[in-house]
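A quick write-up on the structure given underneath.
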C-alpha cells in the first residue's frame with residue numbers, strides 16, 4: 001500500500017474515555033468495516049482531499065490531496081505541530097486498522113510525543129491488531145452493542161481482539177442507548193472479566209444521531225452497578241469534546 005486516505009488531521013484534547021482532556025494529535029483515517037447508526041464520521045472510504053488544521057483552535061484548515069504516503073504525512077505533522085507538547089498521537093477513524101500495513105511505516109516516523117501512540121478502534125480486526133501491537137502504547141477498544149449500532153454484535157471477534165489488546169494499556173468503551181439491555185451488557189462484561197477484570201470499562205451515553213437516543217440517568221447507574229459486580233474500574237463519560245466545542 002503506497003498511500004492511505006484520510007478525513008482530517010488536527011491537534012486538540014481527547015474528549016472520550018479515561019484520557020479525556022489530554023492533548024493529542026488526531027489522525028483520522030477514512031473508511032470503516034462497520035456501520036454504526038450513530039456514526040459522526042463521514043463514510044466515504046476514499047475522499048479526494050482531507051483537511052488539516054495548521055494552528056490548533058484557529059480553524060485555519062488546508063486541503064491535502066489523498067492518498068498520502070507515510071513519509072509525506074509525517075512531514076506535514078511535524079511541520080505544523082510540536083510533538084513534544086502532545087501526550088500522544090491518536091490513530092482514529094473510521095477504522096485505522098484497515099491500514100495496518102501503512103501504520104507499520106508511519107509510526108516509526110512520528111516519535112517525540114510524551115506517551116506514544118493511542119489507537120482508537122472498533123475492536124473487530126484482531127489479526128490486524130496483532131500485526132501492529134508492538135507499535136501501540138494505549139488502545140481504546142469498542143464493544144459494539146447491537147442496541148446502539150443497529151448492527152449485530154461481533155462477540156467472538158471482540159473476545160479475540162481484547163486478548164491481543166490486553167498486551168498493552170487498553171480500556172473498553174461501550175456506547176449505550178435507551179435500547180441497551182442487561183443481557184447485552186452481561187455478555188460484554190463476561191468477555192472483559194474472562195480476560196482481565198482490571199481492564200477499565202467506560203460507558204459512553206450515545207450522542208443522539210441516526211434515531212439512536214441516550215439512556216436515562218437511572219439506566220446508566222444501573223449499567224455501572226451491574227458492571228462493578230465483575231470489573232474493578234467502571235466509569236461513565238460522555239463525549240466531552242462536544243460540550244467544549246472542540247474538534
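For this structure, a couple of remarks:
- Helix-only [θ]222 nm of the chain, DSSP H runs n ≥ 4, -39500 (n - 2.57) each, per residue, nearest 500: -8000 deg cm²/dmol
- Inter-label distance, residue 163 to residue 222: 3.4 nm, where each label sits 7 Å from its Cα along the C-beta direction.
- In units of the compact-protein estimate 2.2 N^0.38 Å, segment 7-132 shows a Cα radius of gyration of 1.00.
- Segment 1-54 versus segment 88-144: alpha-carbon centroid distance in Å: 12 Å
- For segment 145-243, a/c is not less than 1.5, where a ≥ b ≥ c are the root eigenvalues of the C-alpha gyration tensor, and a/b tops b/c. That puts it in the prolate class.
- Sequence-separation-based contact order of segment 107-169, relative, with Cα cut under 8 Å and 6+ spacing, percent: 38 percent
- Each DSSP beta bridge with both residues in the chain is either parallel or antiparallel, and the antiparallel ones are about 35%.
- On Cα atoms only, tilt of 217-228 relative to the major axis of the chain in degrees: 90 degrees
- Rounded to 10°, Cα long-axis angle of helix 155-165 versus longest principal axis of the chain: 60 degrees
- Compared with the dominant principal axis of the Cα atoms in the chain, helix 182-195 is inclined by about 70°.
- When the chain is treated as a GNM with alpha-carbon contacts under 10 Å, the residue of 110, 135, 221 showing the greatest mean-square fluctuation is 221.
- Antiparallel bridge percentage (DSSP; both residues within segment 157-247; nearest 5): 10 percent
- Entry note, the chain: relative contact order of 18 percent, from Cα contacts under 8 Å with a spacing of 6+ residues.
- Dimensions of segment 1-60 along the principal axes, based on C-alpha atoms and rounded to the nearest Å, stand at 30, 27, 21, largest first.
- Rg over Rh, two decimals, the chain (C-alpha only, Kirkwood Rh): 0.95
- Going from the residue with the fewest nearby Cβ atoms within 10 Å to the one with the most, 52, 244 rank 244, 52.
- Proxy reagent accessibility, fewest Cβ within 10 Å first, across 195, 62: 62, 195
Coordinate-derived values only; no laboratory data. Quantities reported herein were computed from a predicted structural model and do not represent experimental measurements. All Cβ positions, even for glycine, are placed from backbone atoms using ideal geometry, and neighbour counts span all protein chains on display.
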